[in-house]
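Notes follow once the structure below has been shown.
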Amino acid sequence: MARIPGSVLRLAARQNDAITVAQADRLGLTKHRVARLVAAGHWQRLHRGVVVVHSGPLPWLTRARAGLLYAGPGAALSHASAGYLHRFLRAEPSLVDVSVPAHRRVMRSDGLVVHLRRAMPSTTAGIVSVGRADTVVDLVASRGDVDEAVSVVCAAVRAGTRPDEILAALSARPAVGRRRLLEELLGAVRDGVESALELRYQRDVERRHGLPRSRAQARRVVGGRWTRADRRYDDVGLTVELDGEVAHPGGRTDDDVWRDNAVLLSFGDLTLRYRWRHVLRPCATAVQVGVALRRLGWRGSPRPCGPTCSVAPR
């Protein structure tokens, strides 16, 4: 096999092992030689006019770069692909999402989803993608499940995206879907909500049943160590821990047990611990929290959220 020009391999290395046939041709490797390399199984063709310069497994970044090269000038990773790149989503997307200006047309290709945009938002350097704030707006607008949308917003804020950045991106796109949901989620995040489970507890257990408002992510020193409670009712000394599967995949950890015992010994606080299956039964959970609050001195009473609610009328 004739030697492949070093300039071709160097450019491909800078592009996650992907290169267009046109780029290779400009660097002295004709399209006929590229076709022979693909036919012999040395290289792989991902899209029309885009190849990968090896025959091995295709990492996600290679597939993403190949999608950008195929989509052409002005393209940027977006939606789930940008969310994965920005670490808002944990799971590697099976398809590559790219956005292109609306005046352009890109032919369909396997493994690629093309989004047309009237106005392209700001993009990142390196492997070009839609910026973090606009990616949050895209993902919330496209998520079918509210819990997924909550997880995206919380993950974006944990990754350093400021809520005001997301609001600015939202205000620049008046026609985007699920605006009120995103505004509500950003408000909850500002209040300390860090997961879909916490949002459901705040909304479905507390607010809908007239329980007092708890303090989110309550930090204090217990036994010489900083601890943080998911929810705390400071006036009566009640702590609520919300153990989602991601945070506590096997149930309570040793640290959880130590913290609960230390809080009880130091402050006499009662700790209630709930998981997804409990918060998905908000009426029954509200009854239990209400009993605990009243035993600890709360003078109010929970109220039923509807005719079938298990909370007894006042």
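Computed from the coordinates by the stated procedures, all read-outs in this text should not be read as laboratory data. Just so we're clear, the structure is a prediction, and the values are computed from it rather than from any experiment. Here the Cβ is made from the backbone with ideal geometry for all residues, glycine too, and neighbour counts use every protein chain on show.
Points to keep in mind about this one:
- Axis angle, to the nearest 10 degrees, between helix 282-295 and the longest C-alpha principal axis of the chain: 40 degrees.
- The chain: angle of helix 254-267 to the longest principal axis, Cα-based, in degrees nearest 10: 30
- What the Cβ-Cβ distance of R48 and R203 gives, at R0 = 45 Å and to the nearest 0.05, is a FRET efficiency of 0.40.
- Share, in percent, of DSSP beta bridges within the chain that are antiparallel, nearest 5: 60
- Gained length - L116 relative to A168, 0.36 nm times residue gap less alpha-carbon distance: 16.6 nm
- In the chain, the calculated helix contribution to ellipticity at 222 nm averages -11500 deg cm²/dmol per residue, counting -39,500 (n - 2.57) for every DSSP H run with n ≥ 4.
- On Cα atoms only, tilt of 179-190 relative to the major axis of the chain in degrees: 60
- Legend: calculated FRET efficiency, A284 to L95, from the Cβ-Cβ distance at R0 = 41 Å, rounded to 0.05, equals 0.55.
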